[in-house]
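Asks: First the structure, then my questions, so here it is.
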Amino acid sequence: MEQLSRIGVALLRGRLWVILSITLLCGSLLVPGFFSLRTLAFSLDRASTIGIVAVGMTAVLIAGQIDLSSGSLVALCGIVTIGLQPMIGPWLALFLAILTGGLIGLLNGTLTIVFGIDSMIATLATMLGISSVAFLVTGSLPVSGTDPLFGVLLTGDLVGMFTTRAAIFLLLVVLLQIWLTRLPSGRNLFAVGSDIVAARDSGIAATRVLMGTFIFIGLCAGLSGALFSLQVNTGSPVFGVTVLLSSITAVVMGGTTLEGGKGSALGTLGGVITVTALTTASEYASVPAYIQGIIIGTILIVLIVLDRTIGRSLRSATDRGALIQASPEEPIPREKENRNE
């Protein structure tokens, strides 16, 4: 049993590399030129859509919260970016789209922190509201942009086949990793996610930390939706349908737990690459979109179950060890007592 537990822990810790290796192996067998520069550049650019959202989701999950509204927010902010172009120009429309994401994040934070609503319930409610607003303002129809060259400027090739959008995604990963590992406020995020009561008792402004994470993921979702809509010069209420599931799967696959207090930006980067490689290989192999959803959903369920079961076993073993260490010392043998006397 102990040997099985060790194997389970090893698989849990190395799950990203196991899944990524299997995905790359299947992709190389099923897709001609899977490792070509063009395919890799296309995959990285595509990864940025869920990757930018995953960066924000990493911070939220480390804080012990969750945001289910980010997928719908991607669609709404894309509509804002495209729909407002004729009236206020592309740059101001882009700014308002990102600002809209931040304001929705502020709303989610207020519902969760100020009113004490569970983050899953609060963001589920805002998800439904945002999705309804997106369908309402567009009449359930796509909205076309008026300045396609502006989208090319922000989403086109930057260096060779390396796009601006991919560069923004990688920059956010680097900045998040630096913040989480080098700055006191980043370490405070782990403390809040591990034990919010203890964090408050130690003087950490937990309310400010939590509010910041909700605003951060709102801004990330707004940026992701805006860049995606600019790339296709279209805003649609159905954009972002798969972004939520894919981003959460990528973050959890990268080692961030739903319980909070654990995670990394570099792990999320690996998770995003894995999910994107899986999606790209599936599409080249003509796997239907709903089958891809089943695969990604199954991976997420398996990872959550592994986190819960193996994590619980490790905590139980730790608790038993602590009890053994805290047990009373054995009585001194009688001979030693007499000798001491």
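The values are calculated or read from the model by the stated rules, or taken from the named source; none is laboratory data. Quantities reported herein were computed from a predicted structural model and do not represent experimental measurements. Positions of Cβ are generated from backbone atoms using ideal geometry, with glycine treated the same way; all protein chains shown enter the neighbour counts.
Asks: Consider only pairs whose beta carbons are under 8 Å apart and that are at least six residues apart or on different chains; among these, list those whose first residue lies in region 127-140 and is farther than 14 Å from residue 77 by Cβ and whose second residue is outside any helix (DSSP H, G or I) and of a type outside the set (Ser, Thr, Tyr).
Replies: Close Cβ pairs satisfying both conditions: 135/237; 140/237.
Asks: Are any residues in region 223-239 under 20 Å from residue 273 (Cα atoms) and either hydrophobic (A, V, I, L, M, F, W, C) or under 14 Å from the mean Cα position of the chain (by Cα) (or both), and if so, which ones?
Replies: 223, 224, 227, 228
Asks: Is at least one residue of region 181-199 surrounded by 14 or more Cβ atoms within 10 Å (Cβ to Cβ), β-branched (Val, Ile, Thr) and under 17 Å from the mean Cα position of the chain (by Cα)?
Replies: Scanning region 181-199, I find no residue that is surrounded by 14 or more Cβ atoms within 10 Å (Cβ to Cβ), β-branched (Val, Ile, Thr) and under 17 Å from the mean Cα position of the chain (by Cα), so the answer is no.
Asks: If you don't mind, there's one more thing I want to ask. Check whether at least one residue in region 41-54 is surrounded by fewer than 19 Cβ atoms within 10 Å (Cβ to Cβ) and touching a Gly at 6+ places or on another chain (Cβ under 9 Å), and report yes or no.
Replies: yes
Asks: Do any residues in region 95-108 that are touching a residue at least 24 places away in the same chain (Cβ under 8 Å) have Cβ atoms under 6 Å from those of residues that are among the hydroxyl-bearing types (Ser, Thr, Tyr) and crowded, with 19+ Cβ neighbours inside 10 Å, where the two are at least six apart or on different chains, and which pairs are they?
Replies: 97/81; 108/123; 108/126
Asks: Scan region 139-149 for residues that are within 28 Å of the chain's Cα centre (by Cα) and in a helix (DSSP H, G or I) and report the count.
Replies: Total satisfying the criteria: 0.
Asks: So in region 148-191, with the set limited to residues that are at pLDDT 90 or above and among the aromatic types (Phe, Trp, Tyr), which one is farthest from residue 261 (Cα to Cα)?
Replies: Among residues in region 148-191 that are at pLDDT 90 or above and among the aromatic types (Phe, Trp, Tyr), the one farthest from residue 261 (Cα to Cα) is 169.
Asks: Something else about it: Taking region 149-173 only, how many residues are surrounded by fewer than 13 Cβ atoms within 10 Å (Cβ to Cβ) and touching a residue at least 60 places away in the same chain (Cβ under 8 Å)?
Replies: Counting residues in region 149-173 that are surrounded by fewer than 13 Cβ atoms within 10 Å (Cβ to Cβ) and touching a residue at least 60 places away in the same chain (Cβ under 8 Å) gives 1.
Asks: Filter the helices (runs of 4 or more DSSP H) completely within region 178-296 down to those with at least 2 residues that are in contact (Cβ under 8 Å) with a residue 12 or more places away in the chain and closer than 25 Å to residue 47 by Cα. Give the steps one after another, and end with the answer.
Replies: Numbers: elements: 184-194, 196-201, 206-232, 243-253, 265-284.
Hits in region 178-296: 206-232, 243-253, 265-284.
Asks: Would you pick out the residues in region 56-90 that are part of a helix (DSSP H, G or I) and without any contact (Cβ under 8 Å) to a residue 12 or more places away in the chain?
Replies: Our first condition is that a residue be part of a helix (DSSP H, G or I); within region 56-90, this holds for 56-62, 70-83, 85-88, 90.
Result: 87, 88.
Asks: Now for a separate question. Please work out if residue 58 is within 21 Å of the chain's Cα centre (by Cα), farther than 22 Å from residue 222 by Cα and of a type in the set (S, T, N, Q).
Replies: The answer is no for residue 58.
Asks: Please verify whether residue 107 is surrounded by 15 or more Cβ atoms within 10 Å (Cβ to Cβ), modelled with pLDDT of 95 or more and either hydrophobic (A, V, I, L, M, F, W, C) or not in a helix (DSSP H, G or I) (or both), treating the condition exactly as stated.
Replies: Values: surrounded by 15 or more Cβ atoms within 10 Å (Cβ to Cβ): yes; modelled with pLDDT of 95 or more: yes; either hydrophobic (A, V, I, L, M, F, W, C) or not in a helix (DSSP H, G or I) (or both): yes.
For residue 107, the condition - surrounded by 15 or more Cβ atoms within 10 Å (Cβ to Cβ), modelled with pLDDT of 95 or more and either hydrophobic (A, V, I, L, M, F, W, C) or not in a helix (DSSP H, G or I) (or both) - is met.
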